[in-house]
Structures are given as C-alpha cells and as structure tokens.
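Q: Structure below; questions to follow.
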Amino acid sequence: MEPIEFVIPRHAVPSDPHSGLSPLQERMLNEAAPIRIFSAPTGAGKSYAYQKGMRERDERVLFIVPTRRLAQNLAQGLVSDLMHDGVPEKKALKQVLLWTSDERQRQEAEEPQIRSRDRRIAQVRAEATRSGGGFMVVATPESVAWYLLNAHLRTDGIDPENLLDLLRLSHVVFDEFHTIEARGMGMACALATFAWQALGTARISFLSATPIDLKTTLVGFGIPAEQILIAAETVVTGSALETADMRAIHGDVSIRIEDGEGLISALDIHRTQIIDTLARTDDGRQVVLVYDSVKQLLADKHALATWFGNIGVGPAERLAVNSVDDSVEHELDELFTIGRQTDPRQFKVLVATSSIEMGVSFKAGLILMEPGHDACSFVQRIGRVARGDLPGAVIVHVTRAQLDRHAWLRQLRLDLAQQAPRIPIDRFIDLVLKAVRTRFDVSADELIQDQGDFRRMPQSAIWCAGLFWAALQRSARYKGMRDTLRNFQPRHAAVVDALLRKLEHCGLDAARTWARAFLEEAKRLRMILPKVWLVDSLGKRKAIPWHLYASTEALITAPTRPGKNDQIEVLLSGSIVEIECALGGRWVRRHEEALFPHAGWTKSFELDAIREAWLRTVKSEKRDPGLSDQQLTALEAAEKLVRLSGIVPMSTGEMVANDASLIC
C-alpha cells in the first residue's frame, strides 16, 4: 500500500494575559458543577490548571493518574516548579505528596516507625500543611482504592480512613480516564455518585485527550444529568500571526504512515531525517522510537545500540523506557541508560514502549512509532511530538501483522486517504477515535438492563461501581458512614448488595468465602500479572512480566529462590542483557484457579477467557439433580454477579498488587 502523508497544522489555545490560563483551564478551577468532564488535546495543560489552583488558590487536590511513572514525574515536576519560585524544598515536599508503592517503600525504609496508613491519613486531612497553602496528592488508582477499602479500627482517637477524607478536598481528578478499565471506572462512578449527594467540597473531574461519552454512564449510575458539566478546550488552528497572544500546543506535525518490516528496518530508510533531527539547535533535537511490544524492544536492543552508536549517539545519550528497564532506579546496562529515576529530556534518543504515552516528559522533533494497541494509544503517541511552538514529524511504521490485527487501523488508513493534505487537529481526532467511542457509547436503556451478557465497557463499569459501593459499605468502620452509604445507595449497588447478602447468609461456608473474594476484587482495578525478578551473578536485579518469564525456556529451567514480598527471583549465570535479547519463544497462556460458591472447590481456566469458561461451568453445575436449595441459591447469585460485572473471584491474591505498574 502506498504511504499516506499529511500535516496536522500548528494549533494553539487562547490564554488569559493575567492568569496565563486557557478558557478550559479557568473552567476547571471555577465551575461549580460537582461532576465535570473535560477534554483537550495532548499538551494543552490539563494537569497544569490544578497545579496552579494548588499554588495560587490554596486548593487541596487529589490527582489520580494511570501509572506510577506519570505520578512520579508530575510530583517531581511540581516540586521543582515550587522550588524554582522560591518555596523551600522542605515545604514543597509537604505540599506535593505521592501515593505509589515506590514512594511507600521509600518512606517505610527511611521512617519505619511511621505506618503508611497514618502518614496518608495525615496528608489527605491536611495535618501536614496547616502552616498554610494548598497541596496536591498525586496517586495511582490502586492506592486510592486501598486507602478507602482497607480502613482499620483505631484506639488512638483518630477516625479511620473514610470516603469523607476525599470529599473534603477541593478537587478529586481522574486524569486520562479513557485508559481506565471497567473496574477502575467503577471506582470513579461510585466516588462521583457519592460526591454530588454529600456535603463535601470536592468537585470530581474527569480529564482526557479523547472526547468520549462518559455522561451516559454516570447518569445511568444515578447522577442527575444537570449535575454534570461537559466542556472541551478551544483550539485554534493557525500560524503564529493568526494566533497571536495564544499559547501554542504543537507546531506543524508532518505524519507519514508506511508499511514495513519493523522499526529496525525503518532506521535505515529514514537515516538522513534522524541525523538532521539530532542536529537541530532548538528543543526538538530528540528522536523517539516507540514499540508496541516490550519483548520486541528488548530483542532489538543490541541492533538499536549498534545503529545509534554508528551515528555517534553513545549509551549515555540514549535512554530505554519500558516496564522492564523501569524496574531499576538508574544505571547503564551496557547498551542504554535505563531506570525510572532518569530525566528523559536529557537524552538525544529514547527507545520506548507504551510507557512513554503518559508520564514521560520530553520534547521530540521526530517520532518513529508502531501504531499502538488501540486508537487512543495512536493519538497519545502522535501528541507527544512537536510540543510547544516547534515543528515535528511522526513516521508510523506498520507491519502486515499489525494491520491484520487492528480493524481500527485498516479503517483509519482508508479514511485518511480521502482527506486533504492538511488535517486540523479536531478533525484528525474525530477520524481516529471513532473506534474508541463505540467502546463507551451505550444507551440509557442498555445501562438499566440486568439481563444478558455485557460486552461494552460502560455496561460492566456500572456494575463494578455497584461492587465498589458494596465494598465501601462493608469496609466502613463506623455506623454513621455505613448508614450514609446505605441511604445514598444507587440501584446498581443495591442489586449487588442483595446478591452478596444471599451468598453471605445462605448457610454455606463456600458461599461466604466466594462473597469475600468477590468483594476483594474491588481493590483490583486492573488485571496486572505478577512480575518475576532476574538476578545475575553480580547481584544486579531487573523485573520482567510473568508472560516473558514463562515463555522463555532458559528462565523456567533456571534456579529460583523466594524474594521479598513473595517475589520470585530467577538466578542467572550470565548477564541480564544477554537473556533479554532471547526472551519469549514458547507459547504460553496464564491460568488461574477460579472459586465456586456451592461446594468449596476451584477450577483452573485460561485467564483471557475466564468469565465465559466459569459461566459455562456454572450452567453445567446447575443441572446437577443432587444440588441442595442452598447450593442452587449460591450458584444463581454468584452467576448473576459474574455476568453483570465480568469479574470472577480467584483463589489467589497474587495479582492484587498495591499500586502495581502497568505492563507494557
């Protein structure tokens, strides 16, 4: 297929000469609506508005982001900005608070006498900042869920963790909400539904570069439509003269979509453009490669290092960013600089996976990328080039396998081929995101139904919200909060609660165990497989995803030992870099032991299709003429919960990881 080439012209947003805020940023801070849904292109400064509110209006913000890397970078950037403006470091660190597993472990090592739950209670209740000024807690979704669902009774007179801790803040913000799975969206729906009814001050905001329909889902869960505000950024396409006094988001971005055999082959094809970009004298002198697969990136590392070395870019000038290399803090691994404690802006070349779509700050003049796992990923990657008033280029390299795998990509190529050579940013986003919108678009009637098998995300999310609400009720440590949650309980939450009570009171230990496990699933907002740690003969350590470990013959036959926190450590005779280039090769599928509520036994299913397999087994079990009434009641209640939510409780808590990072 012939390459497709077009330009997304320079675009900017209006900016108030006094506050420096755009119209949408002003609305983020000033609109009184309790629930707000805001969309703006990547680079428009959605998070900046809340940082400004914290710094200049003493607002107290909980800012929830999808990944640990994004949380870390936002927090570090804000601390740096405060110190640059003259705020002492000690005070800045009290105003910017980080809730991730990395930060928790660091704090526990430095101050083991302070429990993490005590620290977080003090932080969110502003006890650490009573000297004045606002604060921002930057958190992953898992850390918020664990705060709310792991409240402990106390004997020291301090109230246990509770939902009102969050609702007394100025803002609770869900950033990049389009990336949230049904489980995570369930937590967001539950918080928003409670917020509009309670007397707290917090306004709940959903931010995304993707303008998709979230309102129908929120209304379906019980929030009145008039309580929800929807707003989009005003984006103006034009030259510097035509957008005078506006803040540029991106310069002209030239895009080429081409067929190929992989990013290694693309380097030779575009060698001149790569060298020219590295020779730029402005901030766009950075080249970024983005892979879809961490396995392929690791396999290509030697070839990438050789290629860039041949054009004069040494290991200290090139950074690898992915879930494996980010498991260390900072080091040079013979081929690349790696580690999550590095500043990507200091490197000439970045080689990355989808980790780079969010949470990595850089200014690239050229991105060579694979198309991404979905249309949102495609948009996020393109939005990372030419930030500010700089021109840039994106080369999308598509293999035959990727084209066969992604229907949205095939349709996009057809749509783009019919467009003019210059496509404004809003038109481009509309074309790309048609497939994403169908994932969210449902009717109000579809959300009311509790029959049938649900396939679209909002239909499962609304029942996951019911589960999260039920878990909140059971985790509340004082009667007033339990009564409030019961009084505000939405219909979907009432259905989930009633089904759980059937299981809890049917007289079967197996049913009670199943119900407890189902409630525990409220803490697991994403299906994240465990990681395995590689340890070489010199003691160097690096974590890899379970599927790469299980699919590599040399690793599954290597000696292992138990590590900290139930981790598995694989002992290598050679270097980690050597084994990384040979990861994979065996076809494996993850299996999990699913619980059943009627007889106390478990059954192993492939994780990718566990819901359907579990439901088929239940259907077969219900035909057993020897079932007691109690067993049939338990099976029917559990069957409905799984069908509505898509969640199957498992016999192991291995995958429930506090603040686990996304596997890319």
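The values are calculated or read from the model by the stated rules, or taken from the named source; none is laboratory data. Note that the structure is a prediction, hence the values are computed from the model and not measured. So basically every Cβ, Gly included, is an ideal-geometry build from the backbone, and we count neighbours across all protein chains shown.
Q: D276: at pLDDT 90 or above and surrounded by fewer than 17 Cβ atoms within 10 Å (Cβ to Cβ), yes or no?
A: Details: at pLDDT 90 or above: yes; surrounded by fewer than 17 Cβ atoms within 10 Å (Cβ to Cβ): yes.
Judged against the criteria, D276 is a match.
Q: When the stretch 388-404 is examined, which residues are found to be surrounded by 14 or more Cβ atoms within 10 Å (Cβ to Cβ) and part of a helix (DSSP H, G or I)?
A: To start, the set of residues in the stretch 388-404 that are surrounded by 14 or more Cβ atoms within 10 Å (Cβ to Cβ) comprises 388-399, 402-403.
Scanning the stretch 388-404 gives Q402, L403.
Q: Let me ask you something else. When only residues in the stretch 1-37 that are of a type in the set (A, V, I, L, M, F, W, C) and in contact with a helix residue (DSSP H, G or I) (Cβ under 6 Å, 6 or more places away or on another chain) count, which is nearest to E242 (Cα to Cα)?
A: Filtering the stretch 1-37 down to residues of a type in the set (A, V, I, L, M, F, W, C) leaves 1, 4, 6-8, 12-13, 21, 24, 28-29, 32-33, 35, 37.
From what's left, in contact with a helix residue (DSSP H, G or I) (Cβ under 6 Å, 6 or more places away or on another chain): 4, 8, 28-29, 35.
On the way: I4: 28, I8: 16, M28: 26, L29: 28, I35: 35 Å.
Going through the qualifying residues, I end up with I8.
Q: Any residue at all in the stretch 475-492 that is at pLDDT 90 or above, among the hydrophobic types (A, V, I, L, M, F, W, C) and not assigned by TED's automatic domain parsing to the domain that holds F221?
A: Checked the stretch 475-492: no residue is at pLDDT 90 or above, among the hydrophobic types (A, V, I, L, M, F, W, C) and not assigned by TED's automatic domain parsing to the domain that holds F221.
Q: Kindly indicate whether A594 is surrounded by 12 or more Cβ atoms within 10 Å (Cβ to Cβ) and assigned by TED's automatic domain parsing to the domain that holds A613.
A: Numbers: surrounded by 12 or more Cβ atoms within 10 Å (Cβ to Cβ): yes; assigned by TED's automatic domain parsing to the domain that holds A613: yes.
Answer is yes for this residue.
Q: Restricting to the stretch 382-404, and then to whatever is at pLDDT below 90 and among the basic types (K, R), can you tell me which residue is nearest to L350 (Cα to Cα)?
A: The residue in question is R384.
Q: Which number in (1) among the β-branched types (V, I, T); (2) assigned to a helix (DSSP H, G or I); (3) in the same structural domain as R27 (by TED's automatic domain parsing) marks the one condition that I274 misses?
A: Tallying (1) among the β-branched types (V, I, T); (2) assigned to a helix (DSSP H, G or I); (3) in the same structural domain as R27 (by TED's automatic domain parsing), I274 fails exactly one: (3).
Q: Another question, if that's okay. Anything in the stretch 235-259 that is among the aliphatic types (A, V, I, L, M) and modelled with pLDDT under 95? List them, or say none. Don't jump to the end; show me each part of the working.
A: Applying the first criterion (among the aliphatic types (A, V, I, L, M)) to the stretch 235-259 yields 235-236, 240-241, 244, 246, 248-249, 253, 255, 257.
Matches in the stretch 235-259: V235, V236, A240, L241, A244, M246, A248, I249.
Q: Can you pull out every residue in the stretch 17-27 that is of a type outside the set (G, A, S) and surrounded by 13 or more Cβ atoms within 10 Å (Cβ to Cβ)? Show your work before the answer.
A: Within the stretch 17-27, the subset of a type outside the set (G, A, S) is 17-18, 21, 23-27.
If the condition is that a residue be of a type outside the set (G, A, S) and surrounded by 13 or more Cβ atoms within 10 Å (Cβ to Cβ), then L21, P23, L24, Q25, E26, R27 are the ones that fit.
Q: Filter the stretch 196-230 down to the residues that are of a type in the set (D, E, K, R) and without any contact (Cβ under 8 Å) to a residue 60 or more places away in the chain and list them by number.
A: First pass over the stretch 196-230, keeping only residues of a type in the set (D, E, K, R): 203, 213, 215, 226.
Scanning the stretch 196-230 gives a single hit, E226.
Q: Restricting to the stretch 558-579, and then to whatever is assigned to a helix (DSSP H, G or I) and in contact with a strand residue (DSSP E or B) (Cβ under 8 Å, 6 or more places away or on another chain), can you tell me which residue is surrounded by the fewest Cβ atoms within 10 Å (Cβ to Cβ)?
A: We begin by selecting, within the stretch 558-579, every residue assigned to a helix (DSSP H, G or I); these are 564-566, 576-579.
Within this subset, residues satisfying the condition of being in contact with a strand residue (DSSP E or B) (Cβ under 8 Å, 6 or more places away or on another chain) are 576, 579.
Details: I576: 19, I579: 22.
Taking the candidates together, the pick is I576.
Residues are listed down the side, and each one gets a yes or a no for (1) outside any helix (DSSP H, G or I); (2) of a type outside the set (A, V, I, L, M, F, W, C):
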position	(1), (2)
A465	no, no
A470	no, no
R477	yes, yes
G480	no, yes
T484	no, yes
V495	no, no
A498	no, no
R501	no, yes
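Q: Out of curiosity, is V79 free of Cβ contacts under 8 Å to residues at least 60 places away in the same chain, of a type in the set (V, I, T) and out of contact with any strand residue (DSSP E or B) (no Cβ under 8 Å at 6 or more places or on another chain)? Let's see the steps before the verdict.
A: Values: free of Cβ contacts under 8 Å to residues at least 60 places away in the same chain: yes; of a type in the set (V, I, T): yes; out of contact with any strand residue (DSSP E or B) (no Cβ under 8 Å at 6 or more places or on another chain): no.
No, not satisfied.
Q: W587 fails exactly one of the following numbered conditions: (1) under 22 Å from S551 (Cβ atoms); (2) surrounded by 13 or more Cβ atoms within 10 Å (Cβ to Cβ). What is the number of that condition?
A: Going through (1) under 22 Å from S551 (Cβ atoms); (2) surrounded by 13 or more Cβ atoms within 10 Å (Cβ to Cβ) one by one, W587 breaks only (2).
Q: Name the single residue that is surrounded by the fewest Cβ atoms within 10 Å (Cβ to Cβ) among those in the stretch 308-327 being in contact (Cβ under 8 Å) with a residue 24 or more places away in the chain and farther than 24 Å from G585 by Cβ.
A: Per the criteria, the residue is I311.
Q: Restricting the stretch 320-345 to residues that are more than 20 Å from the chain's Cα centre (by Cα) and among the polar types (S, T, N, Q), which is modelled with the lowest pLDDT?
A: Filtering first and then ranking leaves T342.
Q: Checking A582 against (1) in contact with a Ser or Thr (Cβ under 8 Å, 6 or more places away or on another chain); (2) part of a strand (DSSP E or B); (3) exposed (fewer than 15 other Cβ atoms within 10 Å of the Cβ): exactly one of these is not met. Which one?
A: (2)
Q: Looking at L78 and the list (1) surrounded by fewer than 20 Cβ atoms within 10 Å (Cβ to Cβ); (2) under 24 Å from the mean Cα position of the chain (by Cα); (3) more than 30 Å from P371 (Cα to Cα), which single condition is not satisfied?
A: Just one mismatch for L78, condition (1).
Q: Moving to a separate point now. Given the conditions (1) at pLDDT below 90; (2) farther than 24 Å from T216 by Cβ; (3) of a type outside the set (G, A, S), and given that R456 satisfies all but one, which numbered condition is not satisfied?
A: With respect to (1) at pLDDT below 90; (2) farther than 24 Å from T216 by Cβ; (3) of a type outside the set (G, A, S), R456 is out only on (2).
Q: May I pose another question? In the stretch 69-117, which residue that is among the aliphatic types (A, V, I, L, M) and more than 22 Å from G339 (Cα to Cα) is modelled with the lowest pLDDT? Before you say what the answer is, go through the steps one by one.
A: Applying the first criterion (among the aliphatic types (A, V, I, L, M)) to the stretch 69-117 yields 70-71, 74-75, 78-79, 82-83, 87, 92-93, 96-98, 109, 114.
Those still in the list that are more than 22 Å from G339 (Cα to Cα) too: 82-83, 87, 92-93, 96, 114.
Working: L82: 88, M83: 90, V87: 88, A92: 88, L93: 88, V96: 90, I114: 76.
My answer is I114.
Q: Which one of P3, P34, P88 is touching a Lys or Arg at 6+ places or on another chain (Cβ under 9 Å), surrounded by fewer than 19 Cβ atoms within 10 Å (Cβ to Cβ) and not acidic (D, E)?
A: Numbers: P34 fails: surrounded by fewer than 19 Cβ atoms within 10 Å (Cβ to Cβ); P88 fails: touching a Lys or Arg at 6+ places or on another chain (Cβ under 9 Å).
Selected residue: P3, the only one of P3, P34, P88 that is touching a Lys or Arg at 6+ places or on another chain (Cβ under 9 Å), surrounded by fewer than 19 Cβ atoms within 10 Å (Cβ to Cβ) and not acidic (D, E).
Q: Next up: Condition first: of a type in the set (A, V, I, L, M) and within 16 Å of the chain's Cα centre (by Cα). Now tell me which residues in the stretch 173-205 satisfy that. Step through it out loud before you land on a result.
A: Quick first cut of the stretch 173-205, residues of a type in the set (A, V, I, L, M) only: 173, 180, 182, 185, 187-188, 190-192, 195, 198-199, 202, 204.
Residues satisfying the conditions are V173, I180, A182, M185, M187, A188.
Q: Next question. If you check R422, R427, which single one turns out to be under 19 Å from S208 (Cβ atoms) and surrounded by fewer than 19 Cβ atoms within 10 Å (Cβ to Cβ)? So that I can check it myself, show each step before the final result.
A: Numbers: R422 fails: under 19 Å from S208 (Cβ atoms).
Sole residue among the options that is under 19 Å from S208 (Cβ atoms) and surrounded by fewer than 19 Cβ atoms within 10 Å (Cβ to Cβ): R427.
Q: Here's something else I'd like to know. Going through A550, A554, A522 one at a time, which residue ends up being of a type in the set (A, V, I, L, M) and either under 18 Å from the mean Cα position of the chain (by Cα) or modelled with pLDDT of 90 or more (or both)?
A: Working: A550 fails: either under 18 Å from the mean Cα position of the chain (by Cα) or modelled with pLDDT of 90 or more (or both); A554 fails: either under 18 Å from the mean Cα position of the chain (by Cα) or modelled with pLDDT of 90 or more (or both).
Just a single option satisfies the conditions, and that option is A522.
Q: Would you mind telling me which numbered condition in (1) in the same structural domain as A145 (by TED's automatic domain parsing); (2) touching a Leu at 6+ places or on another chain (Cβ under 8 Å) F6 fails?
A: With (1) in the same structural domain as A145 (by TED's automatic domain parsing); (2) touching a Leu at 6+ places or on another chain (Cβ under 8 Å) applied to F6, the lone miss is (1).
Q: Can you tell me which residues in the stretch 208-228 are among the aliphatic types (A, V, I, L, M) and surrounded by fewer than 24 Cβ atoms within 10 Å (Cβ to Cβ)?
A: Step one: filter the stretch 208-228 for residues among the aliphatic types (A, V, I, L, M), giving 209, 212, 214, 218-219, 223, 225, 228.
Those that are among the aliphatic types (A, V, I, L, M) and surrounded by fewer than 24 Cβ atoms within 10 Å (Cβ to Cβ): A209, I212, V219, I223, A225, I228.
Q: Here is a follow-up. Only residues that are surrounded by 14 or more Cβ atoms within 10 Å (Cβ to Cβ) and outside any loop (DSSP other than H, G, I, E, B): list them for the stretch 542-555, please.
A: Here is the first cut: in the stretch 542-555, the residues surrounded by 14 or more Cβ atoms within 10 Å (Cβ to Cβ) are 542-552, 554-555.
Hits for the stretch 542-555 are K542, A543, I544, P545, W546, H547, L548, Y549, A550, A554, L555.
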